[in-house]
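Below is one structure; the comments refer to it alone.
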Amino acid sequence: MSEVFNKKLQYQCTVTGNPDLLFKCNKKYGIEFLAKKLVRTLFSIGVNSWVFDREDNAIFDTILCSGEYQKERYEALGIKAEVIASGSPRFDKENKTVDKEGFFKHYGLDKNKKTILWLPTHTKATSVVNFLDVMQGLSINYNVTLKTHASCYSEIKKLPQLISAMAPNIININNAESTELLGVGDYVFCDYGGSVFTAIYNDKNVLLLNAEDKYVHKLIGEDSPEVEIRKEIINFYRHEGDKLISALKDKKIWEEQKAIRRRI
C-alpha cells in the first residue's frame with residue numbers, strides 16, 4: 001500500500017477476497033484510484049447481509065461467485081457490478097482424491113458407519129451449540145465429524161469443553177482442510193455461509209440446520225441465496241431432531257435431493 005500511495009501507481013486490475021482493510025482505507029483515501037478495474041471474489045458465497053448489504057460494494061466492477069445459482073440471485077438483487085460464476089478450487093477433481101481409509105484410521109472412525117461432516121458457521125446463527133444433543137444421538141449410528149468456524153472459539157466461551165460434555169462421541173477436527181473432509185463425508189450438515197454451496201456443488205447429501213428466525217432475519221437476510229435455497233434443500237430446526245434422524249434413513253428423500261442438486 002505504501003508503494004501505491006507514495007508513487008501514486010494505478011494498476012490494470014485489483015482483486016480482493018476480503019476487502020475490509022480496503023474499506024477502512026476508503027474512508028481516508030478512497031480505493032477507486034488503485035486500479036482501472038476492481039474485482040471482488042467472494043470469501044462467503046451466500047449471506048446477503050455479510051456480502052452485499054454495504055455501500056462499499058458499489059465500487060467494484062466485477063464480483064466473482066462459485067456458480068450459476070448465486071449469479072442469478074445476486075443479479076436479481078440489483079447488483080450493479082458484473083457478476084461472474086467462476087467456480088472454485090474446492091471443486092477441482094484433484095482435490096476430491098482422498099485417502100479415506102487412512103483418514104478413518106487416523107481419527108478413529110468406524111469404516112462400517114456412514115460419515116456426517118458438520119460445518120457450522122459462526123455468530124448467533126451458528127448450529128454448533130443448539131444441535132450438539134442431536135449430533136450426539138446421531139453418533140450412535142454414524143461417524144459424526146465436526147469442523148467449526150474459527151470465530152466460534154472466540155464467540156463461545158470454553159467451546160471445546162462444551163462439545164466434550166454434551167457430545168463426547170463427536171470427532172472435533174480443525175486441522176484438516178474442508179476439501180479433504182468433503183471427500184470422506186457421506187452427508188454434509190451446514191447452516192449458513194459458503195459451506196452450503198460448497199457442499200451442493202460437490203454433490204454431497206446436504207442437510208441444512210436452521211437458526212431461530214430472529215437471527216436469520218437480523219444476521220443473514222431473508223433474500224440471501226442460502227436462505228432461499230431452503231425452499232428446495234432439506235432443512236430442520238433444533239426441535240425437529242426426530243424428523244431429521246428419520247430423513248437420513250429415507251432413501252426416497254435423498255434420491256429427490258440429488259435431482260434437485262443436479263438442477264442447481
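The values are calculated or read from the model by the stated rules, or taken from the named source; none is laboratory data. A quick note: this is a predicted structure, and the numbers were derived from the prediction, not measured. Using ideal geometry, Cβ is built from the backbone for each residue, glycine included, and neighbour counts are taken over all protein chains shown. Each accessible area value is taken on the protein alone, full model and side chains, heavy atoms only, with ligands, DNA and RNA left out. Shrake-Rupley method; radii C 1.70, N 1.55, O 1.52, S 1.80 Å.
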* Asked: Can you list residues whose amide H is under 5 Å from Trp118's amide H, if they're 5+ apart or on another chain and H is modeled 1.01 Å from N?
  -> Thr145, Leu146, Lys147, Phe189
* Structure fact -> Those GluC sites (Glu not before Pro) from region 103-187 that are DSSP loop and have at most 16 other Cβ neighbours within 10 Å turn out to be Glu177
* Structure fact -> On the formula 1/(1 + (r/R0)^6), with r taken between the Cβ atoms of Ala76 and Trp254 and R0 of 22 Å, the FRET efficiency rounded to 0.05 is 0.15
* Asked: Rolling a 1.4 angstrom probe over the protein heavy atoms, how many square angstrom per residue are accessible across region 92-202?
  -> 47
* **In nm, spacing of pseudo-spin labels at Ala150 and Asn169 (7 Å Cα→C-beta vector)** => 3.2
* To do: Step through the residues of region 170-186 one at a time and calculate ³J(HN,Hα) from phi using the Karplus curve (6.51 cos²θ - 1.76 cosθ + 1.60, θ = phi - 60°), rounding each to whole Hz and writing x for Gly and Pro.
  => 6, 8, 8, 10, 10, 10, 10, 6, 4, 4, 5, 5, 4, x, 9, x, 7
* Structure fact -> Of the accessible area of region 156-264, computed with a 1.4 Å probe and all protein chains kept, carbon and sulfur make up a percent value of 49
* To do: Could you order Ile234, Ile140 by accessible surface area, starting with the largest, using a probe radius of 1.4 Å?
  => Ile140, Ile234
* What FRET efficiency, computed as 1/(1 + (r/R0)^6) with R0 = 45 Å and r the Cβ-Cβ distance, is obtained for Tyr11 and Glu177, rounded to the nearest 0.05? -> 0.90
* Give the whole-number value, in cubic angstrom per residue, of the convex hull volume spanned by the C-alpha atoms of region 197-261. => 80
* Asked: Please state the Cα pair-distance histogram of region 97-215 with 5 angstrom bins from zero: what percent is in each bin?
  -> 2, 12, 23, 25, 22, 12, 3, 1, 0
* Asked: Asn141 label point, 7 Å along Cα→Cβ, cut-off 18 Å on backbone N: hits in region 216-256?
  -> 235-236, 240-255
* Suppose every K and R has +1 on its Cβ and every D and E has -1 on its Cβ; what is the size of the dipole of region 119-264 about the Cα centre, in Debye to the nearest 20? -> 120
* Asked: How far is it, in nm, from the label point at His217 to the one at Lys158 when both lie 7 Å from their Cα along the line to the Cβ?
  -> 3.4
